[in-house]
């Protein structure tokens, strides 16, 4: 922040406070769940990329949108079951 905007604390202090509060909100009680979901999503994406590159599955035009919709349905059902 100081490199981009200089050493004005009027801008840097609120942004730093927001970022630290956001980090504390994420870290509060569900850190393991968040790390698991992020790791699983990256593993699934990498697996699909490898399968597409090796010709195991055909390349899809709207792959990212479909994966996003499936991931949201999966996460929603996990939250609902909890």
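The values are calculated or read from the model by the stated rules, or taken from the named source; none is laboratory data. The structure presented is a predicted model; accordingly, all values stated were derived computationally and were not measured. Positions of Cβ are generated from backbone atoms using ideal geometry, with glycine treated the same way; all protein chains shown enter the neighbour counts.
Worth a mention:
- Residue list for the stretch 9-20, restricted to those being modelled with pLDDT of 80 or more and exposed (fewer than 11 other Cβ atoms within 10 Å of the Cβ): 14, 17, 18
- The residue that is modelled with the lowest pLDDT, counting only those in the stretch 57-70 that are assigned to a loop (DSSP other than H, G, I, E, B) and either in contact with a helix residue (DSSP H, G or I) (Cβ under 7 Å, 6 or more places away or on another chain) or surrounded by 10 or more Cβ atoms within 10 Å (Cβ to Cβ) (or both), is 60.
- Listed by first and then second residue, the pairs with beta-carbon distance under 7 Å, at least 6 apart or on different chains, first residue in the stretch 14-31 and under 20 Å from residue 2 (Cα atoms), second at pLDDT below 70, are 15/1.
- Residue in the stretch 28-48 that is part of a loop (DSSP other than H, G, I, E, B), more than 16 Å from the chain's Cα centre (by Cα) and modelled with pLDDT under 80 present: yes
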